[in-house]
Amino acid sequence: MNTGFTADTRIPLGTSGLGVAPLGWGMWRFAGAERAVARARVDAALEAGCTLFDTADIYGFGSESGFGGAEALLGEVLREDPSLRARMVIATKAGITPPVPYNSTTAYLVAACEASLRRLGIEQIDLFQIHRPDFLAHPGEVAAAFDRLRASGKIRAAGVSNYSATQIESLCAHLPFELATIQPEFSPLAIEPLTDGIFDVALRRGIAVLAWSPLGQGRLGDAAGASADGRARAIAVALDSIAARAGVDRPAVAYAWIMAHPTRAIPLIGSQNPARIRDSSRAYRVEMTREEWYQVLVASRGERMP
Ligand code: NAP
C-alpha cells in the first residue's frame, strides 16, 4: 500500500478551490520564539513541501506572548518577507475564549476573525476554523458568521475542529456552502475518527481532514519510547518494524499511516525543530502493506480485529 503522494500532490479542501500538500505544519508550539528562529521553522516547513500552515488565536495563551501570540509571530515573519504569503495556505481558528471557555456567536466570531487578520497582517484568511464546539451557539449562528466573513472576502473557506459527526451535519444544514475541512485528533494513538462517524461524514461530503497531534503530542516521537505507556510502546513497536524495513524513522511511518486512510487525512506536523520538520517529508517514501497498517491498528486497540 502506497499513497502515491509526493510534496507536489494537492489535496482539495472541499469545494473551496484550495488545494494543499499532503503534509501540513502546525503552530501550537510556535509562540514565544525569536523572529529568526520562527523564520527558520517556516522555511523548514516550506522545504518539507508543506503548504498548509495551521495556527489559532489561542496559541500563545498561557505563555508570555499571550492570546494571539502565535498569529502575531507569523505576522512578523510575513511582514519581514511578504513573498512567503503566496506559498502558504493560512489556516487559523477561533472560538476558545478563556476563561468562558467557548464562544461561537456570530458577533464574536466576526470580531475574532478581524482580530486574527490584524495580527497576521494579511487581507484574507484562507481557512477559518471553529476551534471547539460551543454548546450555547445555535449552528445557524456559526453558519451566519462563516457566510458573512466569506461574503466580505475576509475568509476564503471554513472548517471546524473537534466537532462530532452529528454536530458537523447540523452545521452543514444551515450553511449555504460546503465546509472545507474538519480537524479531529487522529494518529495511531487516537483512532476514534475511524469509527465515530467523523471520517464517514468527511467521505460522504468530500470534506478534507486535518489530523491534529499526529504523534500523540510527541508520545510516538520519543526514540526509545521510554516515556510512553504500554499501549504507546506496543504501537511504537508496530511502527518501528515498518520503519526499519522502509529505512525511515518512526514519525515518518506514523504520518504515512495517517495519510493512508481514504479520507487522505493531512497530518499537522507539530515539531518546532527545523531538522525534524524537514525529515517529515520522508513520509512520502513509506510503503506499507495492508497487513502492516492493520497491525498498527491492532496494537492501538490492544486486541485483534473481530
Ligand atoms: P505532534 O506531532 O503529535 O507532537 C509534536 C511534539 O512532539 C513536539 O513537541 C515535538 O518536539 C515532539 N517530538 C518528539 N520527538 C519527535 C520526533 N522524533 N519528531 C517530531 N516531533 C517530535 O503534534 P502537536 O504539536 O501535538 O500538534 C500538531 C498540530 O496539531 C498543532 O501545531 C496544531 O496545529 C494542531 N492541533 C490542533 C488541536 C485542535 O484542538 N484543533 C489540538 C492540538 C494540536 P520538537 O518540537 O522538539 O520536535
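Step through the residues of the stretch 266-273 one at a time and calculate ³J(HN,Hα) from phi using the Karplus curve (6.51 cos²θ - 1.76 cosθ + 1.60, θ = phi - 60°), rounding each to whole Hz and writing x for Gly and Pro.
9, x, 9, 4, x, 4, 10, 9
May I ask you to give the percent of accessible area on the chain that is carbon plus sulfur, with a probe radius of 1.4 Å?
Carbon and sulfur: 51 percent of the exposed surface of the chain.
Kindly report the accessible area of the stretch 13-183 per residue (heavy atoms of protein chains, probe 1.4 Å, no ligands, DNA or RNA), in Å².
38
Across the stretch 156-306, how large is the tail of the calculated P(r) beyond 18 Å, expressed as a percent of all Cα pairs?
57
Rounded, prolate or oblate: which fits the stretch 121-168, taking a ≥ b ≥ c as square roots of the Cα gyration tensor eigenvalues, rounded meaning a/c under 1.5, else prolate when a/b beats b/c?
Prolate shape, in that a/c is at least 1.5 and a/b is the bigger ratio.
Between the stretch 23-38 and the stretch 65-83, what is the C-alpha centre distance in whole Å?
For the stretch 23-38 versus the stretch 65-83, the Cα centre distance is 9 Å.
Viscosity 1.306 mPa s, temperature 10 °C: Stokes-Einstein D of the stretch 13-183 from its Kirkwood Cα radius, in µm² per second?
Values: Rh = 16.1 Å.
Estimated diffusion coefficient is 99 µm²/s.
Within a Cβ distance under 15 Å of Asp200, other residues only, what is the Lys/Arg minus Asp/Glu net charge?
0
On the principal axes of its Cα set, how long, how wide and how thick is the chain? Give whole Å, largest value first.
51, 45, 36
On full extension of the chain, what length is gained from Glu34 through Thr166, given 0.36 nm per residue of separation minus the C-alpha to C-alpha distance? Display every interim value, and only then the final one.
Working: separation 132, 0.36 × 132 = 47.52 nm, distance 4.17 nm.
Contour length minus the Cα-Cα distance gives 43.4 nm.
Taking 0.36 nm per intervening residue step and subtracting the Cα-Cα distance, what contour gain separates Arg148 from Arg205 on full extension? Please list the in-between numbers first.
On the way: separation 57, 0.36 × 57 = 20.52 nm, distance 2.22 nm.
Gain on stretching Arg148 to Arg205: 18.3 nm.
Answer with one residue from Gly62, Pro12, Ala33: the one whose Cα lies farthest towards the positive end of the charge dipole of the stretch 9-72, charges on Cβ with Lys, Arg +1 and Asp, Glu -1.
My answer, from the dipole projection, is Pro12.
So for the chain, averaging the separation of alpha carbon pairs under 8 Å that are six or more residues apart and normalising by length, what relative contact order in percent results? Let's see the in-between values first.
Working: 612 pairs, mean separation 59.8, N = 306.
Once divided by the residue count of the chain, the mean separation gives 20 percent.
If amide H atoms are built 1.01 Å from N in the plane of the peptide, which residues on other chains or at least 5 residues away come under 5 Å of the amide H of Arg156?
Amide H neighbours of Arg156: Ile125, Asp126, Leu127, Phe128.
Treat each spin label as a single point 7 Å out from the Cα along the C-beta direction, and report the Glu291 to Arg233 distance in nm.
The modelled label-to-label distance comes out at 2.6 nm.
The values are calculated or read from the model by the stated rules, or taken from the named source; none is laboratory data. As the structure is a prediction and not an experimental result, all values here were calculated from the model. For neighbour counting, all protein chains shown are included, and Cβ atoms are generated from backbone atoms with ideal geometry for every residue, glycine included. The accessibility values were calculated without ligands, DNA or RNA, using every heavy atom of the protein model including side chains. Shrake-Rupley method; radii C 1.70, N 1.55, O 1.52, S 1.80 Å.
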